[in-house]
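**Student:** Sending over a structure as structure tokens; questions will come in a sec.
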Amino acid sequence: MSNSIAEKLFTIRYKVDDQSHLIIKDQQVCLTCETKECTHFCPADVYDWTGEMTTVAFENCIECGTCRIGCPYYNIHWVYPKGGYGITYKYG
Amino acid sequence: MANEKFDAIVVGAGPAGSAAAYTMAKAGLSVVLLERGEFPGAKNLFGGVLYRKQLEDVLPDQWHKAPVERHIVEQRIWLMGKDSAVTFSHRNEAYKEPYNCWTALRVKFDQWFASQAEAAGAVPIYETVATELITEGDRVVGVRTDREDGDLYADVVVIADGVNSLLGKQLGIHKEWQPDEVSLAVKEIIALPKEKIQDRFNLEGDEGVTIEFMGETSLGMAGMGFLYTNKDTLSLGIGVMVNHLKKKKIKPYELLDHVKKHPMIRRLIEGGETKEYAGHLIPEGGWNSVPPLSGNGWCITGDAAQLVNFVHREGSNLAMTSGRMAGEAVIEAKKRGDFSRETLRLYDQKVAESFIRKDLVKYKGMHQILKEEDPELLFTRLPQAVNRAAYEMFLVDGVPKGEKQKKAIQYLKQAAGGTWNLLKVGMKGWRAMNG
């Protein structure tokens with residue numbers, strides 16, 4: 001009964017803002033970052049490395065804050081989504 | 001809402017914030033309860049165990065009306081091998097009268113808890129983010145929100161904005177948490193028919209079971225898993241320290257899927273349907289990470305202040321107690337007409353005299369030992385050795401018991417890298433658990 005991350009995220013209700021609340025401060029930093037840890041530790045696969053830059057699927061964000069603390073260069077500007085936006089858990 | 005001034009603004013309608021708002025509103029103070037979610041609890045998550053005593057301390061007349069799932073009569077601890085477990089558990093009818101704890105779901109509980117604060121007179125302002133504290137000199141005098149004309153002013157701001165506590169960061173009272181001060185927990189709510197839950201966990205009616213497990217399930221990272229019974233769902237999750245997660249490059253949801261495949265877990269969740277996936281940080285820095293709890297015009301409570309006893313998976317009860325105590329200090333400040341550090345320090349004193357400080361101080365060495373010791377040793381090799389030793393002892397294969405006992409001890413020594421190392425880890429562990 002294991003399911004893919006896409007299926008897992010599908011179980012969460014989102015109200016997506018048209019503006020990202022997660023911003024990569026400097027893509028140059030990502031370019032030189034050797035570990036690209038954000039592409040692993042994020043529980044919602046928000047970050048992906050294209051070979052040139054880090055993409056941010058902020059629509060998937062479950063607002064945990066791991067990337068805020070986990071990015072070795074603190075290269076992610078992290079704020080909460082606008083009031084009422086983002087995830088709304090059904091169980092919690 | 002521009003320029004209106006209140007006695008207190010509470011940021012965050014989780015257990016800490018609602019407890020504070022309720023306590024102050026009930027005493028007649030004008031209180032605003034701010035929450036960024038669509039409703040209180042919309043953004044909130046916990047493993048799922050809620051304790052009675054601290055809830056009763058806040059709501060002596062109403063606690064029994066709290067929306068809970070099952071009352072816990074049995075608690076199990078599992079030390080996991082790869083395909084095995086050494087288990088320890090305690091079940092007691094005495095946990096029913098009065099209840100010790102329940103399983104609960106935050107979306108239901110937090111809404112109800114906040115509604116108690118509203119009923120007592122707190123003014124709810126939801127779907128609103130407190131973006132920053134408004135300060136005058138070294139005094140906090142209000143909060144800026146993401147609404148138009150959204151400045152709110154008060155004599156005191158109670159910061160209850162959870163583990164990420166951007167407001168706490170703004171105050172500069174604690175530095176950014178380090179990756180070894182927080183764990184990331186991921187969790188699934190898995191639906192199963194009531195009767196199946198009752199049969200599989202040996203339960204009658206609304207009785208419930210909690211299981212905490214550690215060992216091979218965390219794939220060499222420091223962490224703990226949990227499986228709790230709700231009415232007609234199970235809460236299954238695992239939390240691991242963020243510094244280990246960074247190093248291991250394991251995706252959190254893959255870790256959870258790994259847990260789901262363990263034979264001890266698989267049979268309990270078999271046939272269930274995942275209703276919700278969720279993730280949250282848990283502050284696990286322990287006592288040494290707790291910042292000053294109050295200052296001129298502010299108090300900080302719950303997760304935002306690292307008030308979590310991760311050894312006993314207690315958090316929401318520390319949150320409720322700290323919220324209540326902050327509220328009581330603000331009531332006293334209102335009486336004196338003095339909202340400075342001098343009076344609000346009463347809150348720090350209350351926490352210092354309570355179980356919160358005593359418990360966190362008791363385990364203050366745990367964080368250090370997890371930092372120093374090889375997680376592979378503590379969470380893979382030792383649990384595996386215990387499982388192998390148990391396997392040998394219970395296996396009847398013609399080998400005399402004396403030899404088996406020798407072998408069992410040998411496994412433990414080998415896992416630790418010798419007798420001396422085993423003793424050292426044991427001593428360190430003992431000290432870490434006893435202040």
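The values are calculated or read from the model by the stated rules, or taken from the named source; none is laboratory data. Since the model is a prediction, treat every value here as computed from it, not as a measurement. Ideal geometry is used to build each Cβ from the backbone, glycine not excepted, and the neighbour counts take in all protein chains shown. For the accessible areas, the whole protein counts, side chains as well, though only heavy atoms, and no ligand, DNA or RNA atoms are used. Shrake-Rupley method; radii C 1.70, N 1.55, O 1.52, S 1.80 Å.
**Student:** Tally Lys/Arg at +1 and Asp/Glu at -1 over every other residue whose Cβ is under 13 Å from the Cβ of B:ARG431; what's the total? Don't jump to the answer; show the numbers that get you there.
**Tutor:** Numbers: positive: B:LYS362, B:LYS364, B:LYS424, B:LYS428; negative: B:GLU372, B:GLU373.
Net charge in that neighbourhood comes out at +2.
**Student:** To the nearest 500 deg cm²/dmol, what mean residue ellipticity at 222 nm is calculated for chain B from DSSP H runs of n ≥ 4 alone, each contributing -39,500 (n - 2.57), summed and divided by the residues?
**Tutor:** On the way: 15 runs with 163 residues, N = 435.
Rounded to the nearest 500, the figure is -11500 deg cm²/dmol.
**Student:** Sorted by accessible area with a 1.4 angstrom probe, largest first, how do B:MET433, B:MET264, B:MET24 fall?
**Tutor:** Reading off the accessible areas and sorting them downward yields B:MET433, B:MET264, B:MET24.
**Student:** If you count only protein heavy atoms and use a 1.4 Å probe, how large is the accessible surface of B:ARG144, to the nearest 10 Å²?
**Tutor:** 90 Å²
**Student:** If you don't mind, another one. When all alpha-carbon pairs of chain B are counted, what percent fall beyond 28 Å?
**Tutor:** When every Cα pair of chain B is considered, 52 percent fall beyond 28 Å.
**Student:** Moving on. I need the shape label for segment B:27-73. Rule: rounded when a/c is under 1.5, else prolate if a/b > b/c, else oblate, with a, b, c from the alpha carbon gyration tensor. Display every interim value, and only then the final one.
**Tutor:** Values: a/c = 2.71, a/b = 1.22, b/c = 2.22.
Since a/c reaches 1.5 but b/c is at least a/b, the shape of segment B:27-73 is classed as oblate.
**Student:** Continuing with the same structure: Remind me, relative contact order of segment B:314-363 in percent, using alpha carbon pairs under 8 angstrom and six or more residues apart?
**Tutor:** Taking the mean separation of contacting Cα pairs over the length of segment B:314-363, I get 33 percent.
**Student:** Among B:SER218, B:PRO291, B:LEU245, which residue has its Cα furthest toward the positive end of the charge dipole of segment B:198-335, with +1 on Lys/Arg Cβ and -1 on Asp/Glu Cβ?
**Tutor:** After comparing all options, I get B:LEU245.
**Student:** Which residues make up the longest stretch of chain A that has no GluC sites (Glu not before Pro) in a DSSP loop with at most 13 other Cβ atoms within 10 Å? If you can, show how the numbers build up before the last one.
**Tutor:** Working: sites that count: A:GLU34, A:GLU52.
My reading of the result: A:53-92 is the longest stretch.
**Student:** With contacts defined as alpha carbon pairs under 8 Å and 6 or more residues apart, what's the relative contact order of segment B:89-233 in percent? Show your work: numbers first, answer last.
**Tutor:** Details: 118 pairs, mean separation 21.7, N = 145.
Result for segment B:89-233 is 15 percent.
**Student:** Counting other Cβ atoms within 10 Å, keep those with at most 15, restrict to DSSP loop, and tell me which GluC sites (Glu not before Pro) in segment B:193-291 are left.
**Tutor:** Details: sites: B:GLU195, B:GLU204, B:GLU207, B:GLU212, B:GLU216, B:GLU254, B:GLU270, B:GLU273, B:GLU276, B:GLU284; in loops: B:GLU204, B:GLU270, B:GLU284.
Loop-located and lightly packed - B:GLU204, B:GLU270.
**Student:** Which of A:ASP26, A:ASP18, A:ASP45 ends up with the largest GNM mean-square fluctuation for chain A, with Cα atoms connected below 10 Å?
**Tutor:** Highest fluctuation of the listed residues: A:ASP18.
**Student:** Among rounded, prolate and oblate, which fits segment B:152-282 when a ≥ b ≥ c are the square roots of the eigenvalues of its C-alpha gyration tensor, a/c under 1.5 means rounded, and a/b larger than b/c means prolate?
**Tutor:** Details: a/c = 2.99, a/b = 1.57, b/c = 1.91.
The shape class here is oblate.
**Student:** Using a/c under 1.5 as the rounded threshold, could you call segment B:110-202 rounded, prolate or oblate? The axes a ≥ b ≥ c are square roots of the C-alpha gyration tensor eigenvalues, and prolate needs a/b larger than b/c, oblate otherwise. The partial results should precede the final answer.
**Tutor:** Values: a/c = 3.18, a/b = 1.69, b/c = 1.88.
Because a/c hits 1.5 or more and a/b fails to exceed b/c, segment B:110-202 counts as oblate.
**Student:** Carbon and sulfur together cover what percent of the accessible area of chain B at a 1.4 Å probe radius? List each step's numbers first, then the result.
**Tutor:** Details: 8910 of 17320 Å².
Here carbon and sulfur together make up 51 percent of the probe-accessible area.
**Student:** Cut-off 10 angstrom, C-alpha nodes, Gaussian network model of chain B. Which of B:ASP61, B:ASP83, B:ASP397 fluctuates the most?
**Tutor:** B:ASP397
**Student:** With +1 on each Lys and Arg Cβ and -1 on each Asp and Glu Cβ, how big is the dipole of the protein assembly as shown about its Cα centre, in debye rounded to the nearest 20?
**Tutor:** Numbers: 65 positive and 69 negative charges, 362 e Å.
In total the dipole reaches around 1740 debye.
**Student:** Sticking with this one: Using only Cα atoms and rounding to the nearest 10 degrees, what angle (0 to 90) does helix B:106-119 make with the longest principal axis of chain B?
**Tutor:** Approximately 30 degrees, to the nearest 10.
**Student:** Something else now. With 19 Å as the limit, write out which pairs from B:LYS175/B:LYS350; A:LYS36/B:LYS249; A:LYS82/B:LYS26; B:LYS251/B:LYS428; B:LYS249/B:LYS413; B:LYS231/B:LYS261 have Cα-Cα distances beyond it, or answer none. Let's see the in-between values first.
**Tutor:** Working: B:LYS175/B:LYS350 24 Å; A:LYS36/B:LYS249 9 Å; A:LYS82/B:LYS26 30 Å; B:LYS251/B:LYS428 31 Å; B:LYS249/B:LYS413 30 Å; B:LYS231/B:LYS261 23 Å.
Distance filter (> 19 Å) returns B:LYS175/B:LYS350; A:LYS82/B:LYS26; B:LYS251/B:LYS428; B:LYS249/B:LYS413; B:LYS231/B:LYS261.
**Student:** Another question, if that's okay. Pairs of Cα atoms under 8 Å, at least six residues apart: use those to get the relative contact order of chain B, whole percent.
**Tutor:** Values: 939 pairs, mean separation 85.9, N = 435.
Contact order relative to length: 20 percent.
**Student:** Please build a GNM for chain B, connecting alpha carbons under 10 Å apart, and tell me which residue among B:LYS247, B:LYS108, B:LYS260 fluctuates the most.
**Tutor:** Highest fluctuation of the listed residues: B:LYS247.
**Student:** Report, in degrees rounded to the nearest 10, the 0 to 90 angle that the Cα long axis of helix B:401-416 makes with the longest principal axis of chain B.
**Tutor:** Its long axis makes an angle of about 50 degrees.
**Student:** Same structure again: Which aspartates and glutamates have a Cα lying under 16 Å from the Cα of B:LYS108, excluding residues fewer than 8 positions away in the same chain?
**Tutor:** By straight Cα distance, B:LYS108 reaches B:GLU35, B:GLU38, B:GLU69, B:GLU118, B:ASP232, B:GLU276.
**Student:** Once amide H atoms are placed 1.01 Å from N in the peptide plane, what residues at a sequence separation of 5 or more from B:VAL32, or on another chain, have their amide H within under 5 Å of its amide H?
**Tutor:** So B:VAL32 has HN proximity to B:ALA8, B:ILE9, B:VAL10, B:VAL123.
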